[in-house]
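First the structure, in the form of structure tokens, and then the observations on it.
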Amino acid sequence: MISATTAAAGLGLLIWWFALGQETVSTPVVAEPESATVAPLASATPTATPAAQATATPVPSPTPVPTPLPFAEAVSLGEVSDALITPLPDCGLVRNDSMVAGTNTLTCIEDWASVPVVAAANGRVVGVVRSPAVAVDAGDVAAMDWSWAQQAQLGPHVVVDHGPLNGTANTQTVYAGLAAIEDGIAVGRSIVGGQALGMITGPSASLQFSVWANDTRQDGVSVLADGPSAQEQLAVAQALSGVIASPTDERCPLVLTSGALPGAPRVYRNGTHRGIDFNCGAADRSAYSIADGTVVYMVDDYEDPTVPEREALLQQAGIAGFTPHWTLLMLYGNFVVVDHGEIPGAGRVVTISAHLEEVDPLVTIGGRVSRGQRLGEQGNRGTNASALGIRGAADPSLHLHWELFIDNWYLGSGLDPFATIQVMETALCGAAQTAGCPG
């Protein structure tokens, strides 16, 4: 039997335990700081299974923005780099070492829809070409070799002659791959550094830019090679004699006099004649392709500069002591360059038909021509008479200027007049039966 004392102690203990429990329940809960967010348990997202975690798409790291480079660091321009301003002033430039026909590729960081292209220094326009770019087989040429086939890749381009620049005798710059050329940009026009020449388009707008200092491109390429001995050139002429057609109209004959042949001096431009002049004295005479080939360069919309503008460009050649490459092309007027490929016993043959009044509409850049095909009408474009506005039958000096190159040296290069006549007569008086050949 439980004693009264024990019962009283048990009841007291029960009352104490109940009071302690009530005290614990009524203790206030300390609130979390306002910045803390606790998701309600009822709405929490279930923990992903290992399989789901494995297939989750990772968040890509942001692409780092390239650091724009100064113009002189974006391309390698040699001794004249500090004398030129960037031709893409609205662009941050990135390093791009790709080359197109010997030009440096200048690429914008920004994805502009269109970007103006400006002259890199004061000068005078010496070339404007609007033909589209085409891919033409350049053949087996090293990176440091010249090939006319490379020129087909330039597309629409503008060339500026800066004259003596930064210690050079002559510097010329080429702006290629243009989407448009500014109105008023024409051969002979004087321009200032920073003046708009044309534009390129985006995204990733790129300009093909090259510098020719002392008639050598910035990558070390020179257009003209020295010709071999007279004996070797005669062997080439003999290989050609059995396969080529006449380049000239039968009414514009071959004249074997030293002044009309390769090697004749051209004092007015401080240079040497590289071809043959077939004199016509009358209009409506045609030029022809000597063999099958591909058109790798052409000008078919030549606009003559004024006489003062033409003389200003020739004066630059006088100062330089030679005729720069692009100045010589300016003097060709309308012209067609045909790459005939390898001709057995000769080498890679390229011909230039210049001073054309017009190019035949069937002749296109990158297009094929066949042996004996008409290239255009003979004329006087690019000459002083044409700059004076004397054309067609009014000019008795109408003629075809024609050059034949073998692996970048011209037939007759470095030979005396007698040897040159022998070589030319051999090449053109065989199967071609060119008008004016002896006998």
Region 230-428: radius of gyration and largest Cα-Cα distance (Dmax), Å: 16.0, 46
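State the Kirkwood hydrodynamic radius of the chain in Å, one decimal place, computed from all pairs of distinct Cα atoms. Write down the numbers at each step before the final one.
On the way: mean 1/r = 0.0387 Å⁻¹.
Over the chain, the inverse of the mean reciprocal pair distance is 25.8 Å.
So, with +1 on the Cβ of K and R and -1 on the Cβ of D and E, and no other charges, what is the size of the charge dipole of region 71-217 about its Cα centre, to the nearest 20 debye? Don't skip to the end; give the middle numbers.
Values: 5 positive and 14 negative charges, 66 e Å.
Charge dipole, region 71-217, about its Cα centre: 320 debye, nearest 20.
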Mean residue ellipticity (222 nm) of the chain, computed from DSSP H runs ≥ 4 via -39,500 (n - 2.57), nearest 500: -5500 deg cm²/dmol
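I want the local charge near N384. Using Cβ-Cβ distances under 14 Å, sum +1 for each Lys or Arg and -1 for each Asp or Glu among the other residues.
Values: positive: R266, R269, R310, R381, R391; negative: D304, E309, E311, D395.
Net of charged neighbours comes to +1.
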Convex hull (Cα only) mean projected area of region 254-305, reported in nm² to one decimal: 5.8 nm²
Protection-proxy order for peptides 241-254, 66-79, each taking the mean of Cβ atoms within 10 Å per residue, highest first: 241-254, 66-79
Percent of alpha-carbon pairs separated by more than 24 Å within region 71-217: 27 percent
Listed residue (V369, P253, V267) projecting farthest to the positive dipole end of region 230-428, Cβ model: V267
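Treating the beta-carbon of each Lys and Arg as +1 and of each Asp and Glu as -1, no other charges, what is the dipole magnitude of the chain about its Cα centre, to the nearest 20 debye?
140 debye
Throughout, read-outs are computed from the coordinates displayed, never taken from laboratory work. All values derive from a computational prediction rather than experimental measurement. All Cβ positions, glycine included, derive from the backbone under ideal geometry; neighbour counts span all protein chains shown.
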